[in-house]
Structures are given as structure tokens and as C-alpha cells.
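Derivation of every value follows stated rules applied to the coordinates shown; laboratory data play no part. Keep in mind that what you see is a predicted model, and the values were worked out from it rather than measured. In this analysis, Cβ positions are derived from the backbone assuming ideal geometry, glycine residues included, and neighbour counts consider all displayed protein chains.
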Amino acid sequence: MKYVSTRGDTAQLSFLEILLAGLAPDGGLYMPVAYPQISKSTLDSWRGLSYADLAFEILQLFSDDIPAQDLRELTHKTYTSKVYCNGRQDDAASDITPIHWLGEEGGTSIGLLSLSNGPTLAFKDMAMQLLGNLFEYALAKQNRELNILGATSGDTGSAAEYAMRGKKGIRVFMLSPEGKMSAFQCAQMYSLQDPNIFNIAIKGVFDDAQDMVKAVSNDLEFKSTHKIGTVNSINWARVVAQVVYYFAGYLRATKTSEEKVSFCVPSGNFGNVCAGHIARMMGLPIQKLVVATNENDVLDEFFKTGHYRARKAAETFHTSSPSMDISKASNFERFVFDWLGRDGQLVKDLFAKVETEGGFDYSNHPARQKIQDYGFVSGKSTHENRLETIKQVSRKYGVVVDTHTADGMQVARQNLEPGIKMLVLETALPVKFSETIELALGFKPDRPKAFINIEKLPQRVFAMNPDVQAIKNFIVGNAK
């Protein structure tokens, strides 16, 4: 399996060669030259596999430069009940990503694909725990060190830090928007005292932090000299790790590969739903991929109109589903690459236009029809919608969902089809957004014992303006 850049660089690299790299030298994102195809008979043969074994079967198709035995050991080291139980002794511990069926709505079954059983209580753990083990494996093989630079709108940061803390040869520099995350999210990250973890609060919004990461990654000399790598979803390994739970969810929701299932995905940076797109391209029988946004509805506008209009920082809303407060979705470029026939030069030109003109308009272009062929539909949820959805789901099903999952439930209900099961991807446990849950239900959600009073722990965080040179200086000063 070889990989190329979405922006036309034709150099073909292996999985291990791109694992630590982040962006391609031309500023693009890495994509496989072609997607491996999964037959229905192969799909059915995977029924009953443990999550670790399923992950091995899928990941080996994309990483054939890792010896099979090594990869199997990595997936079995990662996907264990000890890592994905949060101290609970229920189905979550053994199934890793169980389905919580809610009931019948719109002539079909609707359920939650539970992805928040990892150590930071968010779906990002599903890929990040594997990434931590992959990084440590690759660095040991190459006798190298790595300075990870990332940006987070809430959950990526803590997932990365919990996966990388204490890892040999790895330092993490994580940028987050000052004052734009929940108190719980901040405490998860900032309370870590590990010497290889550096939290930096940026005076701005997530897109400012993400732009800084891209700017540093595009400085090829600095990137090489200071061994810069990324864990944001621009890293291909994170995206492909997320592909696994679409297969796991489908296999648990069906009895034969003749059935189709729809997935609704709360989306900000497009990495989560991009993994669903890849699963579908591999042959997974997905009926619809439903993109759910909050008030920052750039993606909803695109899928409804064909017009991609990135917002500026001043136009980005701070909402009660803050991990989706993103107006320039990095992984959207991967979809555009597939959508426009893998024309790297065209993709490069379009995203240069995003930077100079704020977007591109394909509303009257023949390619717009192909969006529907990929099964994409979308919808938007507001603060009032998510409060009402949290109330309804609690009252009707006795389940408390977090604010982002509520956005997913809101939009999923608008796109139900009789006889086609709908899985809403649960993104986090509600405790991460207690303030909004209490506003909706009048009580705070339960939290695992490990996180009781976490907000009261000492915090270690550095404040910084959105200055690329400043973050470079900080990395140089602390990467010793």
C-alpha cells in the first residue's frame, strides 16, 4: 500500500514513512493510492471477531510494511477491556464499542454506537490510543525522537496527551483556544504534570490554533530539524483507525452483508465522518452518511448547496457543543480529493482559493450530483435543539447524551428511512459538558471515580498569542 498527497505530489510512500510526517511536503494530506476492496463474503467472515482482531484485519490492508505479528500485537495491546472500560464492568468493557439501541423511530431502529469508553471519555481515544502505540513502535525501530504539535477544540488534546504521556522519545505540544472549552475538558488536559506534555492556550479560536500547526508543518526545514509530527486528524493513521468502528458498528447492527445501515456523525473537522466515507469506499454497505453540525454550519451549507464557505475567526460561534466549533475542516480536503476524481492540482488550486477568497462554489457544477452518490446528507442543530434533544432522549429512553451526540440525534431523526437502521456516533460522555446537561435536565451527570474533582487539581498551561514564530521558539526551548 502506497500513499500520495491530495495536492499532486506524486511521490509514493509507505505507511511507516507517512506515519510520523503529518502534512505532505506540498501542504496536502496523505491518501492511499487506491482503497482496498472488501467483499461481502469477507465482511461476513469478520462477524464475531473481537475488536482487536477486526482492527488487525482492516489495518493490515493499509500498513503492509508492518510485519503482521507486530501489528497484531499492537492492536491487541491497544484494544483491551482494561483501556476501554473507565472502571465499569459492563458490555462496554468487553465489546469496546457496543451499540446502545434506543428504540423504534420513523419506521426503523435508532441506536448509539458507543465510542466514549476510553480513558478520556471521548471517541478520539479510539484512534489516539493506537496512534500512541504506533508512534512508540516506529520511533523505537528508527531510533528517533518526535515532537508532536497539535491543535484541539476539546477532545483531541486530552486523547493525544493521555495516549502519549510517558511514551519514550515523544513530547507533545498541544494548542487549544483559551476560554473556548468546557471546564472538564480544560482540567483533563491542563492537570497533567508529565514532563513530556506541554499545554498552550491560544488567545483566539480553534482555527487560529489549527492554522499555526499547519504553518509550522509547512516550514519543511523547521519540521525536519526539530522532528515535528502531528496527531490531529490530518494524520492518516488516526483516520484509518477510525474506519474500524464503522465496520464494527455495521457488523453488530446486521445479520448479513445484504443489509444497509446509515450513520449519523456529529462533525467539526470532518475526520470522523471522513472515516465513514472511506469505509463506504472500501465496500461497507452504508446507505447514508449524515453530517450533523452545530451553529458553525460550514459543512451543512456545502452538502446542501455545493458552496464551501470557510468562516473567519470572528464569524465562528462559541457553542455548547464546543468540539465542533470549527470553520475550516482539515479532513474535508480528503473527501474533495476523492469527489473531484483525485485531481491533485485541482485540489491544490481550490484550497489555495479557500485561503485567499474564503471558499469555492460548486453549486452549479455537474460534480455536485456525485455528493449524493457518495450517500452524504447533512443537517444543523442549535443550542435550543440540543437542549430539547437531551431532554427528549432522557425522558423517552432513560439515557443522557452529551451535547455533540445530541446534535447527532437531532439531525439523525430528520434523515430516518423505514427499514434502514440508523446508528448515531456517540462522541463523548455527558460529564464532559456538565454545565449544559444540568441546564437541560436539572442535574449533573455521573462521572467516573478517576475524574471526581478533577477541576480542582493544579493546572500547568502556557498562554500565547496566535504567533507562529512564538510557538516555534517554545518548541525549540522545550524540546531538549
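Brief remarks follow.
- Remark: ASP373, ASP53 ranked as ASP373, ASP53, counting other beta-carbon atoms within 10 Å and listing the fewest first.
- Efficiency of FRET between ARG47 and ASN465 - r from beta-carbon atoms, R0 60 angstrom, step 0.05: 0.70
- Peptide packing for 422-433, 196-207, 105-116 was compared via the average number of neighbouring C-beta atoms within 10 Å per residue; ordered from the highest value, the list is 422-433, 196-207, 105-116.
- D (Stokes-Einstein, µm²/s), Kirkwood Cα radius, segment 1-73, 1.567 mPa s at 4 °C: 95
- Global geometry of segment 70-215, whether rounded, prolate or oblate, following the gyration tensor of its Cα atoms and the 1.5 cut on a/c: oblate
- Shape call, segment 1-146: gyration tensor on alpha carbons, a/c limit 1.5: prolate
- Order of PHE443, PHE474, PHE62 under a 10 Å beta carbon neighbour criterion, fewest first: PHE443, PHE474, PHE62
- Only beta bridges with both residues in the chain are counted; by DSSP, about 30 percent of them are antiparallel.
- Computed from the C-beta positions of GLN69 and HIS100 and an R0 of 41 Å, the FRET efficiency is 0.75 to the nearest 0.05.
- Shape analysis of segment 336-375 places it in the oblate category; the axes a ≥ b ≥ c from the Cα gyration tensor give an a/c of at least 1.5, with a/b not above b/c.
- Proximal lysines to LYS380, defined as alpha-carbon separation beneath 23 angstrom and excluding residues fewer than eight positions away on the same chain: LYS124, LYS180, LYS288, LYS304, LYS312, LYS328, LYS370, LYS391, LYS396, LYS421, LYS432
- Positive-end residue of SER394, LEU423, GLN410, charge dipole of segment 371-436 with Cβ unit charges: SER394
- Under a model in which nothing but the beta-carbon of Lys, Arg (+1) and Asp, Glu (-1) is charged, the chain shows a dipole of about 620 debye around its Cα centre.
- Note on the chain: dipole from Cβ charges, positive end direction compared against GLY22, ALA55, PRO458; the farthest Cα belongs to PRO458.
- DSSP-assigned coil residues among trypsin sites (Lys or Arg not before Pro) in segment 241-270, each with at most 10 further Cβ atoms within 10 Å: LYS255
- Here is the list for segment 268-328: trypsin sites (Lys or Arg not before Pro) lying in DSSP coil, each with at most 16 other C-beta atoms within 10 angstrom of its C-beta, are LYS312.
- Estimated at 0.36 nm per residue, the fully extended path between ALA479 and ALA140 surpasses their Cα-Cα distance by 120.2 nm.
- Sorted by Cβ density within 10 Å, fewest first, the residues CYS85, CYS186, CYS274, CYS264: CYS85, CYS186, CYS274, CYS264
- Distance histogram in 5 Å bins (all Cα pairs of segment 324-429, percent per bin): 2, 10, 15, 19, 15, 13, 13, 8, 4, 1, 0
- Radius, Kirkwood style, for segment 285-353 when every pair of distinct Cα atoms is counted (Å): 13.4
- If the convex hull is drawn through the Cα atoms of the chain, its volume per residue in Å³: 133
- Summing Cβ point charges (Lys, Arg +1; Asp, Glu -1) relative to the Cα centre of segment 285-327 gives a dipole of roughly 160 debye.
- Dividing the summed helix terms, -39500 (n - 2.57) for each DSSP H run of n ≥ 4, by the number of residues in the chain produces a 222 nm estimate of -12500 deg cm²/dmol to the nearest 500.
- Charging the Cβ of each Asp and Glu at -1 and of each Lys and Arg at +1, and nothing else, the dipole of segment 145-228 about its Cα centre rounds to 260 debye.
- Listed residues LEU340, HIS365, THR382: farthest to the positive end of the dipole of segment 322-399 (Cβ charges): THR382
- Whichever aspartates and glutamates have a C-alpha closer than 13 Å to that of LYS227, once near sequence neighbours (fewer than 8 apart) are set aside: GLU145, ASP219
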